[in-house]
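These notes concern the structure reproduced below.
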Amino acid sequence: MQQEQISQTKSRVNDDFLFCFVGRWLGIRVEFVGNCVVLFAALFAVIGRESLTPGLVGLSVSYALQVTMSLNWMVRMTSDLETNIVAVERVKEYSETETEAPWTIDDKKPEEGWPSKGEVELSNYSIRYRPGLDLVLKNLSLKVKGGEKVGIVGRTGAGKSSMTLCLFRILEAAEGIITIDGVNIAEIGLHDLRSMLTIIPQDPVLFSGTLRMNLDPFDKYSEDEIWKALELSNLKKFVSSQTEKLDYECAEGGENLSVGQRQLVCLARALLRKTRILILDEATAAIDLETDDLIQMTIRTQFEDCTVLTIAHRLNTIMDYTRYTQQLVYFN
């Protein structure tokens, strides 16, 4: 933690130094321009000495001498305005950001134990990223039975990852509905929906803090359950070798862990939650084949009775899946 604070302080000092350096650089150039104005005013006064009166010459040189100060002030004010207006831009941007749906809806809560089967159905589903843009998914219909392992493949930009955003309602429907075990996900609160889904993303998300906090931020699981998840995700040996054990400090973004270890931490989270629906969004695209095999083996054994939707980068990861869903997205 102390090392992280020192690193942050150094970064801020470097940023402040760069800001001061740019200010000095700008001041020298502005003064040079002002001095050039004075020089040319004096030269024109000498060249036109026969036609200019002494009073006019004195007035022009006097005003030219003030140009440096005025020009310096004007440029600095313009620079400060450009820097500070960013804050106004951010406030305006956030004030215009559309608010998400309610976190919970008391009269629309799903039944206890939902979803029990893990059936997912998309009916004529269409989405767009923002109003006025073209549809990313158009009239998509798909039914996944509970416990099925479905591979989703396609070219880059075809809309595979957009399906993930739909299931978590990060993107809302333009048309159609998604149901999970017969419940329309658009009618329930976001917390009730998202707490029942688990995702292992391509870019693992880790926060600055202990490994325990990253695995179980709400203290819902016992230490034995956490160690069991670490064992199943093949991280137990690494964590046991650390002096702090579960209190091992993770840097922001997990920078002190390898890419494979970060992904295994995400797998351990999924093992702790053990929801009926698991989504893998190209989870093994950026890791080595050995770690890929470890993750796939764990998913096959520990999520055998769960519905698994895998957006695949390597086809060998979905070769033994129940179904392969290709070319799901159709564009005009």
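Only the coordinates and a few stated rules stand behind these numbers; no lab work does. Values in this document were obtained by computation on a predicted structure and should not be read as measured data. Every residue, glycine as well, gets a Cβ built from its backbone with ideal geometry; the counts of neighbours run over all protein chains shown.
Amide H to amide H distances under 5 Å link GLU148 with VAL308, where only residues 5 or more positions off or on other chains count and H is placed in the peptide plane.
Here the chain is treated with +1 on each Lys and Arg Cβ and -1 on each Asp and Glu Cβ, and its dipole about the Cα centre works out to around 700 debye.
Just to be sure I follow: if Rg is taken over the C-alpha atoms of segment 106-326 and Rh is the Kirkwood radius over the same atoms, what is Rg/Rh? Intermediate results must be reported in sequence, preceding the final value.
Numbers: Rg = 17.8 Å, Rh = 18.3 Å.
We get a ratio of 0.97 for segment 106-326.
For segment 85-96, 3J(HN,Hα) computed residue by residue from phi via the Karplus equation (6.51, -1.76, 1.60; θ = phi - 60°) reads 5, 4, 4, 5, 4, 5, 4, 5, 4, 5, 5, 9 Hz, glycine and proline entered as x.
Counting other C-beta atoms within 10 Å, and keeping those with at most 11, which DSSP coil trypsin sites (Lys or Arg not before Pro) do you find in segment 213-303? Those satisfying the criteria are LYS220. Straight-distance candidates among the aspartates and glutamates for linking to LYS143, with alpha-carbon spacing under 13 Å and chain neighbours fewer than 8 residues away dropped: GLU119, GLU121, ASP181.
Of the chymotrypsin sites (Phe, Trp or Tyr not before Pro) in segment 47-144, the ones in a loop by DSSP (not H, G, I, E or B) with at most 15 other beta carbons within 10 Å are TRP103, TYR129. If a/c stays under 1.5 just call it rounded; otherwise compare a/b with b/c (prolate if a/b is bigger, oblate if not). Do that for segment 86-159, with a ≥ b ≥ c from the square roots of the Cα gyration tensor eigenvalues. Oblate shape, in that a/c is at least 1.5 and b/c is the bigger or equal ratio.
If both residues of a DSSP beta bridge must be in segment 106-326, then about 45% of such bridges are antiparallel. In order along segment 101-106, the Karplus-derived 3J(HN,Hα) couplings, from 6.51 cos²θ - 1.76 cosθ + 1.60 at θ = phi - 60°, round to 4, x, 5, 9, 10, 4 Hz, and Gly and Pro are given as x.
Within 10 Å of each candidate Cβ there may be at most 12 other Cβ atoms; applying that plus a DSSP loop requirement, which GluC sites (Glu not before Pro) in segment 85-163 survive?
Numbers: sites: GLU89, GLU93, GLU96, GLU98, GLU100, GLU111, GLU112, GLU119, GLU121, GLU148; in loops: GLU96, GLU98, GLU100, GLU111, GLU112, GLU119, GLU148.
Answer by residue number: GLU96, GLU98, GLU100, GLU111, GLU112.
Exceedance of the 21 Å cut-off in Cα-Cα distance is limited, within the set LYS109/LYS145; LYS138/LYS160; LYS220/LYS245, to LYS109/LYS145.
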